[in-house]
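Data first, discussion second: the structure below is written as structure tokens.
What follows draws every value from the coordinates through simple rules; no lab data is involved. Here the structure is a predicted model, which is why all the values come from computation and not from measurement. FYI the Cβ positions are ideal-geometry reconstructions off the backbone, even for glycines, and counts take in every protein chain you see.
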Amino acid sequence: MKRNEKQLVIIAGALFALVLVVRVLPLLFDYYRQSREDIALLEERAERLRTLIVETSEWQEREQLKQAEIIDLESWVFPGTDPNLISSSLQRSVRQLVADYGVELRELGVARYNRADSWLLVEQDISFSLDQQQILPFVQALQSARPRLHIATFSISRNRRQYTGNLTVVGFGRSGPSAAATAPSSAAPATLMFPPVQGPQP
């Protein structure tokens with residue numbers, strides 16, 4: 001190889017090395033850096049997705065608990081929107097508990113109604129006789145009844161071998177558009193007399 005050819009080869013190699021250093025290596029470095037950034041972005045997105053999956057599972061569990069709570073709360077409310085029907089349901093529930101626990105129902109007052117927005121509150125006075133050992137089970141049964149009965153007032157006194165008591169229970173229902181027309185604003189405390197009701201001992 002002649003001297004001129006060697007010089008040309010050397011110059012071409014130098015130019016190639018210069019192009020490699022000036023052009024190719026920066027491109028490769030940029031490509032590597034961009035790849036690292038893309039990988040970091042993908043890892044961040046994957047972590048967000050994992051977090052979202054966990055949060056979604058937690059929210060679904062909370063939603064299920066909330067739905068179960070709503071169903072339980074709905075069981076506290078007497079069905080229907082007519083005050084007379086709700087009152088009848090409340091009285092039927094009371095009579096059933098009285099029969100189940102062997103309590104003697106003496107008087108059952110006429111229900112009183114009060115409305116608050118879309119809610120209807122029904123108050124029911126009860127007069128009864130029972131033995132000492134029946135008091136606690138009967139009260140517990142009233143408090144655990146479904147639909148829910150809330151004891152507003154309670155009094156009891158001893159009469160010879162038995163105890164006589166008076167209480168007021170409160171139940172709740174939804175009031176419909178016609179509830180205002182059917183519900184008396186202030187019902188008189190009239191009472192209905194019932195013969196003694198005997199049921200099985202708890």
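Shown in residue order for the stretch 156-166 are the 3J(HN,Hα) couplings computed by the Karplus curve 6.51 cos²θ - 1.76 cosθ + 1.60 at θ = phi - 60°: 8, 9, 8, 10, 6, 8, 10, 10, 10, x, 9 Hz (x for Gly and Pro).
With θ taken as phi - 60° and the Karplus curve 6.51 cos²θ - 1.76 cosθ + 1.60 applied, the whole-hertz 3J(HN,Hα) list for the stretch 60-65 is 5, 5, 5, 5, 5, 5 Hz, x standing for glycine and proline.
Tell me, 115, 92 in order of fewest to most beta-carbon neighbours within 10 Å? Please list the in-between numbers first.
Details: 115 14, 92 10.
Ranked by crowding around the Cβ, least crowded first: 92, 115.
Can you sort 120, 130 by how many other beta carbons sit within 10 Å, fewest first? Listing 120, 130 from fewest to most nearby Cβ atoms yields 130, 120. Net charge within 14 Å of residue 140 by Cβ-Cβ distance, Lys/Arg positive one each and Asp/Glu negative one each, not counting residue 140 itself? Counting the neighbours of residue 140, the net charge comes to +1. Within the shell of other residues whose beta carbon sits under 14 angstrom from the beta carbon of residue 49, the net charge comes to -1, with Lys and Arg scored +1 and Asp and Glu -1. Over the Cα atoms of the stretch 61-168, each weighted equally, I'd like the Debye log10 I(q)/I(0) at q = 0.17, 0.23 Å⁻¹, rounded to two decimals. Results for the stretch 61-168 at q = 0.17, 0.23 Å⁻¹ read -0.84, -1.28. Here the 3J(HN,Hα) profile of the stretch 119-136, calculated from phi with Karplus coefficients 6.51, -1.76 and 1.60 at θ = phi - 60°, is 9, 10, 9, 10, 9, 9, 8, 9, 10, 8, 10, 6, 7, 4, 6, 8, 4, 5 Hz, Gly and Pro shown as x. In this rough spin-label picture, where each label sits 7 Å from Cα along the Cβ direction, the residue 158-residue 144 distance is 2.8 nm.
Mean sequence separation of contacting Cα pairs (under 8 Å, at least six apart), scaled by the length of the stretch 51-157, corresponds to a relative contact order of 25 percent. Between the amide H of residue 175 and those of 119, 120, distances stay under 5 Å, these residues lying 5 or more places away or on another chain, with hydrogens modeled in the peptide plane. The distance between label points at residue 72 and residue 28 comes to 6.7 nm (points 7 Å beyond Cα on the Cα→Cβ vector).
Once the piece of chain linking residue 56 and residue 168 is laid out straight, how much longer is it, given 0.36 nm per residue of separation minus the C-alpha distance between them? Display every interim value, and only then the final one.
Values: separation 112, 0.36 × 112 = 40.32 nm, distance 4.62 nm.
Between residue 56 and residue 168, full extension yields 35.7 nm more.
Sorted on the mean count of surrounding Cβ atoms within 10 Å across their residues, most packed first, peptides 166-173, 30-37, 79-86 read 166-173, 79-86, 30-37.
Taking the stretch 46-96, how much of its Cα-Cα pair set, in percent, is spaced more than 13 angstrom apart?
Values: 898 of 1275 pairs.
In whole percent, the long-distance tail amounts to 70.
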